[in-house]
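Read through the structure below, which is laid out as structure tokens, and then see the notes.
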């Protein structure tokens, strides 16, 4: 008799639902935010700051410094001849951007890292690359730019500020929307 | 005689250079062991065999030879790769700040947990033989679950030990949520009871 009195019908308490919502809603928000991000658009402490100065020994002879490119939008690409397929995929893209935009104030610069000179030169000939490219045999430029691996690409605006970093093979569709507003502000 | 002097001078020079090189090697090792290899998994620049790590060690050696201090060199790598490059985050890093910020809710939690306990202390003992409505009244003054009846913070301390909670901000977050529920629970009961009373 007493037992039957103590049994009370249990309904889900409102605070259970509130608790579940408090856990699930933030989780969904985090997932929604995370899934919309491009994992290859690497956060770099350099983005938004002045790009480190460099002097690059070019394959074609001579030396190119970042200071000489002030006033132009620089597409700084780190690559290696052994980096397949990412570097082989993006080499024609970089050449196309160079050909299309060089008269509009864009300079593509290739920095060959963790590589040897002979295969690097073969790579350049194979893809008919005409933009300035050189070797960074000691990795000084790569480390100065916080490079993890190849390929990685920086965009440096006309004032010498690093504005964008991308890890992986770039495409025209990827770079054009980033470059367009920077070219309009000239 | 001159030959002997030259030999001694050469020996002193060789010993000095060797000692200096060993000091630089030790310095490189110390700094490289603090840095994460960017292309490895959970390996320091000192231990990694990757080409990038070798280049980083060479750069550290060059910077040491140029007279830069350990702190300056570490800050250089952080400025290029971010705090991620450090195997042990610095005290200024965001992670450590967040963990430190967890202390405040924990203290708040412990303080606030005492308030419901004071409210419930005057409640009469639970009587299983009492009628249905009487039990509802009793439950109004008592927490409905043993988990929430106990201080959540004390529970965590009991399970994981006092020192563990210092590094578990998530537990503190749980504690805060539980406290919010615990404070809100009597209000919900009051609302429910008054609704049923109105019928």
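The table below lists the values:
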read-out: Residues A:141, B:2, A:18, B:31, sorted so that the one with the fewest Cβ neighbours within 10 Å comes first; value: B:2, A:18, A:141, B:31
read-out: Gaussian network model of chain A, springs between alpha carbon atoms under 10 Å - residue of A:96, A:22, A:142 with greatest fluctuation; value: A:22
read-out: Estimated inter-spin distance, residue A:158 and residue B:68, nm [label 7 Å along Cα→Cβ]; value: 3.3
read-out: Residue-averaged beta-carbon neighbours from other chains (10 angstrom radius) around B:79-86; value: 5
read-out: Label point distance in nm, residue A:89-residue B:88, each placed 7 Å from Cα along Cα→Cβ; value: 4.0
read-out: Residue A:122-residue A:36 FRET efficiency (beta carbon distance; Förster radius 41 Å; 0.05 resolution); value: 0.50
read-out: In degrees, nearest ten, helix A:117-127 long axis to first principal axis of chain A (Cα); value: 80
read-out: 222 nm mean residue ellipticity, helices alone, for chain A (DSSP H n ≥ 4; -39,500 (n - 2.57); rounded to 500); value: -12000 deg cm²/dmol
read-out: Projected label distance in nm at residue A:103 and residue B:51, using a 7 Å step from Cα toward the beta-carbon; value: 3.8
read-out: Pairwise Cα inverse-distance average, inverted: Kirkwood Rh of segment B:2-90 (Å); value: 14.3
read-out: Rg/Rh for segment A:55-184, where both radii come from Cα atoms and Rh is the Kirkwood radius; value: 0.92
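Just so you know, all these numbers are worked out from the coordinates, no wet-lab data involved. What you see is a predicted model, and the numbers here were worked out from it, not measured in a lab. Don't worry about glycine lacking a Cβ; one is built from the backbone with ideal geometry, like all the others, and counts go over all protein chains shown.
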